[in-house]
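Coordinate-derived values only; no laboratory data. Quantities reported herein were computed from a predicted structural model and do not represent experimental measurements. Quick reminder, even Gly has a Cβ in these numbers, built from the backbone with ideal geometry, and neighbours come from all protein chains shown.
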Amino acid sequence: MKSSLPEELKSQIQVLERCYQNALETQPHLQGEVSLKLVIDRNGKVKQVELTSSALKVKGFESCLLESFRAMTFTAPAGKQETSISLSLRFHFQKSSMSS
């Protein structure tokens, strides 16, 4: 069965959103893009994650993201070979339109 990493990542997005929500508590206007490089081992475990760039520059947030990715497991890559993936994530806070 072939899997799509972006689809699998969507199922784990709540963990990443939690990092962002925590950072918003101290920096309410925080937004921007982070780029990462993941190395996924032949069993689907994240073997290595590196923050290659960040427009947010908030150490606590960046550390939370890295720890969250290290804990993730994905479907084993095709051919059971270690694989590297680069991805960019954009974080943007939108105010709720709910009225009180």
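Each distinct pair of alpha carbons in the chain adds a 1/r term; the inverse of their mean, the Kirkwood radius, is 14.6 Å. Given +1 at the Cβ of Lys and Arg, -1 at the Cβ of Asp and Glu and no other charges, the dipole of the stretch 5-91 around its Cα centre is 160 debye to the nearest 20.
Does anyone have the angle between helix 59-70 and the longest principal axis of the chain? Alpha-carbon axes, 0 to 90°, nearest 10? The two axes meet at around 30 degrees. From the alpha carbon centroid of the stretch 49-93 to that of the stretch 19-46 is 6 Å.
For the stretch 1-80, which trypsin sites (Lys or Arg not before Pro) are in a loop by DSSP, counting at most 15 other Cβ atoms within 10 Å? Each step should come with its number before you reach the end.
On the way: sites: K2, K10, R18, K37, R42, K45, K47, K57, K59, R70, K80; in loops: K2, R42, K57.
Here the trypsin sites (Lys or Arg not before Pro) that fit, given the DSSP loop and packing criteria, are K2, R42, K57.
With respect to the chain, whose longest principal axis is taken over its alpha-carbon atoms, helix 13-26 is tilted by about 30°. Given their separation in residues at 0.36 nm each and the Cα-Cα distance between them, N22 and E50 gain 8.0 nm when the chain is fully extended.
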